[in-house]
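Below: the structure, in structure tokens.
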Amino acid sequence: MEPALYVVATPIGNLADLSQRARETLAGVAVIAAEDTRHSGQLLKHEGISTPLMAYHEHSSAVAADKLAGRIRAGEAVALICDAGTPSISDPGYRLVRAVQGLGCAVVPVPGACAAIAALSAAGLPTDRFSFEGFLPQRREARRKRIEELATATATLVFYEAPHRIAATLEDFVDLLGPDREAAFARELTKRFETIRRATLGELLAEVLEDENQARGEIVLLLGPTPKESQQLEPKLRVLLQGMAEHMPARSAAKLLSSYSGLPSRQLYESLHSTRGSE
Ligand code: SAM
């Protein structure tokens, strides 16, 4: 095989999703760098592949990345896999890719399963523009702050979430964005209990609270774009905000009106900006 780093996607549940090209690549490289060698060893065993594995995970040092990059420069083909799905997507990978690129070696993607894309493809939310947000912060305060920052996004947002946090996260979404925003929930994709559900945030929260099975397994949460009508401010609020912004910095005006109106201060700030731009 040509010396390169092959970034190989593996299944996210259904082993039949390993592509023919992925199989051939994993069988043909000199070594496979894997997040968890025991876990990936099972996949290789299932596929009858005997290529040696070595550990490369989130806490691997820059030296480890340089070492692997050095092997490629010396003429070896190296594959990178993660526990499930596509390396580099909420998984280790990009540092190694950069190290390899830094030595002038090729990086070749061998695409396949990715939970975010699988969820997006089947959720029924707009896909013309989307933003991958990965995991929200675990601490409630930081998570709520992040949700507020994202409240007025005009693209579909894709989150990964741990099952034991899904109810709390949905509660925060409902609390900060209201129960009516469209969202979707994709659980256990490609597996036996696959569930894909598009509904309002309020309905999804009720379902998760009613049926504890809905808070089990692996989950992708998707949030639909801010509806067009709520991107516009009520005329009275707009006039008030503009008046305030004449007497104080725009950010302070947005923050103050946010505590009065309950609207996210970022939305108010941005609306001020777009009004000013159109004047
Ligand atoms: N690199 C992986 C990818 O390409 O999707 C993502 C790895 S990230 C560490 C793991 C998270 O991905 C899980 O917590 C879950 O949110 C999501 N995930 C992975 N497999 C999934 C599946 N089968 N169904 C739903 N979500 C999944």
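The values are calculated or read from the model by the stated rules, or taken from the named source; none is laboratory data. If you're wondering where the values come from, they're calculated on a predicted model, not measured in any experiment. Using ideal geometry, Cβ is built from the backbone for each residue, glycine included, and neighbour counts are taken over all protein chains shown. Ligands, DNA and RNA are excluded from the accessible area calculation, which covers all protein heavy atoms including side chains. Shrake-Rupley method; radii C 1.70, N 1.55, O 1.52, S 1.80 Å.
Return a whole-number percent for the relative contact order of the chain, with Cα pairs under 8 Å and 6 or more residues apart as the contact set. Provide the component values of the computation, followed by the final result.
Numbers: 482 pairs, mean separation 47.7, N = 279.
Answer for the chain is 17 percent.
How big is D for the chain, in µm² s⁻¹ as a whole number, if Stokes-Einstein is applied with the Kirkwood radius of its Cα pairs at 10 °C and 1.306 mPa s?
Working: Rh = 21.2 Å.
It diffuses with D of about 75 µm²/s by this estimate.
With +1 on each Lys and Arg Cβ and -1 on each Asp and Glu Cβ, and nothing else charged, work out how big the dipole of region 232-278 is about its Cα centre, in Debye to the nearest 20.
60
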Residue 7 long-range amide H proximity, modeled H, under 5 Å: 80, 108, 110
Long-range amide H partners of residue 131 with built H, under 5 Å: 156, 157, 158
Folded to 0 to 90 degrees: helix 201-210 orientation relative to the chain principal axis, Cα: 60
Percent of C-alpha pairs per 10 Å bin, region 11-58, short to long: 26, 61, 13
Surface share of carbon and sulfur [accessible, 1.4 angstrom probe, percent] for region 1-88: 49
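Whenever you get a sec, compute what percent of the accessible area on region 232-278 sits on carbon and sulfur atoms (1.4 Å probe). All intermediate terms of the calculation are to be shown ahead of the outcome.
Numbers: 1680 of 3130 Å².
The nonpolar share, carbon plus sulfur, comes to 54 percent.
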All lysines inside 19 Å of residue 236 as judged from Cα atoms, apart from same-chain residues fewer than 8 positions distant: 228, 255
Helical contribution to [θ] at 222 nm, DSSP H n ≥ 4, -39,500 (n - 2.57), averaged over the chain, rounded to 500: -13000 deg cm²/dmol
C-alpha long axis of helix 235-245 to longest principal axis of the chain, angle in °: 80
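With the full set of protein chains in place, find how many percent of the accessible area of region 116-226 is carbon and sulfur; take the probe as 1.4 Å. Please list the in-between numbers first.
Numbers: 2600 of 5440 Å².
Here it works out to 48 percent.
Compute the accessible area per residue over the chain, keeping the other protein chains in place, probe 1.4 Å, unit Å².
Working: 14910 Å² over 279 residues.
In whole numbers, the chain has 53 Å² accessible per residue.
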Lysines with Cα under 25 Å of residue 45, excluding same-chain neighbours fewer than 8 positions away: 191
